[in-house]
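None of the figures in this text is laboratory data; all of them are computed from the coordinates on show. Not measured: the values here are computed from a predicted model. Here the Cβ positions follow ideal geometry from the backbone for every residue, glycine too, while neighbour counts run over all protein chains shown.
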Amino acid sequence: MQRLHFTHGIKSTMELIWGNFFFTLVVITDRIWRSQSFNVGTAGAKIFSGPAEEEFGYTVQQATNYEGKWLLVGAPWSGLTNRKGDVYKCPVSGSRNSCDKLNLQDSVSIPDVTSVNDNMSLGLTLTRMPSSDDLMVCY
């Protein structure tokens, strides 16, 4: 009578299970290690707030000029009846936590060009122009 040994099949299955388990454990550990977050210090932080209905804070850009350092904050839905949008200027230095509205929506005019600025959402994009250190505001 011949005996059959099934230990080889069971051993291979167990090795496969433990191998998959070990691989999964290594991958999960790696992902957790790489996704470790960090805390931002809030001591001495300045908080600027504006009208939520204007989407104040939709875009933010740092700026520096002869007056000092500023945060330029986009509010693309600024305006009661016509959401033209606008940009706010917030001082970084000093103790003041309020921002000044720049009222840019009617300040630009191009000769021989009809301006259609209904619901234009000025401040939807704020970006730096690296070659000239200027700021571009799009709508």
So what are the ³J(HN,Hα) numbers for region 55-66, from phi and the Karplus equation (6.51, -1.76, 1.60; θ = phi - 60°), rounded to whole Hz, Gly and Pro as x?
-> 6, 4, x, 4, 10, 9, 9, 7, 9, 9, 9, 5
Of all chymotrypsin sites (Phe, Trp or Tyr not before Pro) in region 46-113, the ones in DSSP coil with at most 13 other Cβ atoms within 10 Å are Tyr66
For region 23-33, Karplus-derived ³J(HN,Hα) couplings (6.51, -1.76, 1.60; θ = phi - 60°; whole Hz; x for glycine and proline) come out as 4, 4, 4, 5, 5, 5, 4, 4, 5, 5, 5
Residues whose built amide H sits under 5 Å from the amide H of Thr125, excluding neighbours closer than 5 in sequence, are Cys138
Inter-label distance for Asp134 and Arg96, nm, one decimal - labels placed 7 Å from Cα along Cα-to-Cβ = 2.6
